[in-house]
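Working notes, structure below.
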Amino acid sequence: MKPGLSIWLDMIRVVATFIVVLSHWAYPRFTDGTYIVLREWNVGSDAVIVFFVISGIVIAYAAGRDQTAGHFAFNRLTRLWSVLIPAILLTFLFDRLGIGLDPSAYPQQYFQPLNLWEMLGRGLTFSNEFAFPGPARLGTNGPLWSLSYEAAYYAIFGAAVFLSGARRIAVLLVLIMIAGPRIILLMPAWLMGVWFWQRLSSGSLPVLKPASAFLLSIGATALYVICQAINLPDQLSTLTADALGLPDARQMLRFSDEFIWNMMIGIFTTLHLIGMAHLLHSSRLNWTSVRWFAGASFSIYVTHYPALHLLDASLPSNILGRHAILLLGAIAVGLVFAELFERRLGILRNALRGSRRYAVRS
């Protein structure tokens, strides 16, 4: 991957991560409705779809690098588990501490009390949003829904790439049934990232002049803003609910209730990246601060919500700068967490490879 595009993807990851954090921080129960516009625009959910497109790019690239099903599975599982397992333990601890301080800070809508073993079991299998055994919120850590989707996409993609014949078809059908229709509804956006990488790596993207590439990248972003300005997401959500005969599509589709709008976000993101890939083709950008924050984006994503709840339960309601403390405190938890876990992925992988070689020799 060219350095310019790589740093641009990192910058998008950083921006999308902070958008997700801001959208949760904007809940009235945290910040008294002062920043409710962020909730009304629902930009946090939109940012997750951008993550899906980037994930499709990264996983398609990784599959070509890994070359075998074993390497692919090892790298994907270690990447997810190295952050997810400690995040679940942190969530369980933070939730218990926060409930002890102020139970009212944990409303039923945003908190599902599970025992630690059930949380770990759901987390290790990424099954918190699978059709089987059914959806569950892991304590306060609602954002983990997207990892259930991501893990399903990794498995389905891996089966499609590394298996063949009747075995491939059988495994794909089983995986799709386990994941369920809700997860599959958002997979087109993820597959757009796969498509983008395959076309980019093969040199078969449309050739654009710099002016056209600039207009494409800016135009795709402008289209998103225009759609938001005319309230298109809500209109599409209403049409979906009407088609299902429900007052709210989320009753049935949960986090996939805006799947039509989410597909459009995937298209906008892909068009933007096609333009930027041309503009940054010869770029040698290497913003170290962006790289550093991108290296903690996963950690911030999986820890900020339980951190917000604990801080909300801990802080006096009238403390000066309460809103800023909530925001910066939640981000700080993620940054510390990244130093302890996310940035040590290479060490963990080397240790696991060494233990595996030792077991084989023994």
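Quick look at the numbers
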| read-out | value |
| --- | --- |
| Those residues of the range 19-46 which are of a type outside the set (Ser, Thr, Tyr) and more than 19 Å from Pro306 (Cα to Cα), in sequence order | Gly33, Ile36, Val37, Leu38, Glu40, Trp41, Asn42, Val43, Asp46 |
| Test for Val50: is it out of contact with any Cys (no Cβ under 9 Å at 6 or more places or on another chain), open to solvent by 10 Å² or more (accessible area, probe 1.4 Å) and closer than 22 Å to Trp197 by Cβ | yes |
| Total residues in the range 213-237, condition touching a helix residue (DSSP H, G or I) at 6+ places or on another chain (Cβ under 9 Å), β-branched (Val, Ile, Thr) and under 18 Å from Ile260 (Cβ atoms) | 1 |
| The range 315-328: number of residues that are open to solvent by 20 Å² or more (accessible area, probe 1.4 Å), in a helix (DSSP H, G or I) and over 22 Å from Met11 (Cα atoms) | 4 |
| Which listed residue is open to solvent by less than 10 Å² (accessible area, probe 1.4 Å) and farther than 25 Å from Leu185 by Cα, from Thr17, Thr68, Thr91 | Thr91 |
| Residues being over 18 Å from the mean Cα position of the chain (by Cα), part of a loop (DSSP other than H, G, I, E, B) and surrounded by 18 or more Cβ atoms within 10 Å (Cβ to Cβ) - total across the range 280-314 | 1 |
| Subset of the range 119-135 that is at pLDDT below 95 and outside any helix (DSSP H, G or I) - its residue that is most open to solvent (accessible area, probe 1.4 Å) | Phe132 |
| Which numbered condition Gly142 fails, given (1) touching a residue at least 60 places away in the same chain (Cβ under 8 Å); (2) over 30 Å from Ser202 (Cα atoms); (3) surrounded by 21 or more Cβ atoms within 10 Å (Cβ to Cβ) | (3) |
| Residue check for Arg39: touching an Asp or Glu at 6+ places or on another chain (Cβ under 8 Å), open to solvent by 20 Å² or more (accessible area, probe 1.4 Å) and assigned to a helix (DSSP H, G or I) | no |
| Positions within the range 122-175 being over 27 Å from Gln112 (Cβ atoms) and among the basic types (Lys, Arg), in sequence order | Arg167, Arg168 |
| In the range 20-34, the residues that are under 17 Å from the mean Cα position of the chain (by Cα) and open to solvent by 50 Å² or more (accessible area, probe 1.4 Å) | Leu22 |
| Inter-residue pairs, beta-carbon under 7 Å, first over 20 Å from Thr125 (Cα atoms) and basic (Lys, Arg) and in the range 150-171, second open to solvent by less than 50 Å² (accessible area, probe 1.4 Å) and assigned to a helix (DSSP H, G or I), 6+ apart | Arg168/Ala159; Arg168/Ala160 |
| Residue match in the range 213-226 (condition: in a loop (DSSP other than H, G, I, E, B) and open to solvent by 70 Å² or more (accessible area, probe 1.4 Å)) | no |
| Subset of the range 193-206 (residues that are in contact (Cβ under 8 Å) with a residue 60 or more places away in the chain and over 15 Å from the mean Cα position of the chain (by Cα)) | Val194, Trp195, Phe196, Trp197, Gln198, Leu200, Ser201, Leu205, Pro206 |
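The values are calculated or read from the model by the stated rules, or taken from the named source; none is laboratory data. All values reported here derive from a predicted model rather than from experimental measurement. Heads up, the Cβs are rebuilt from the backbone with ideal geometry, glycines too, and the neighbour counts pull from every protein chain shown. Keep in mind that these areas ignore ligands, DNA and RNA; they rest on the heavy atoms of the full protein, side chains included. Shrake-Rupley method; radii C 1.70, N 1.55, O 1.52, S 1.80 Å.
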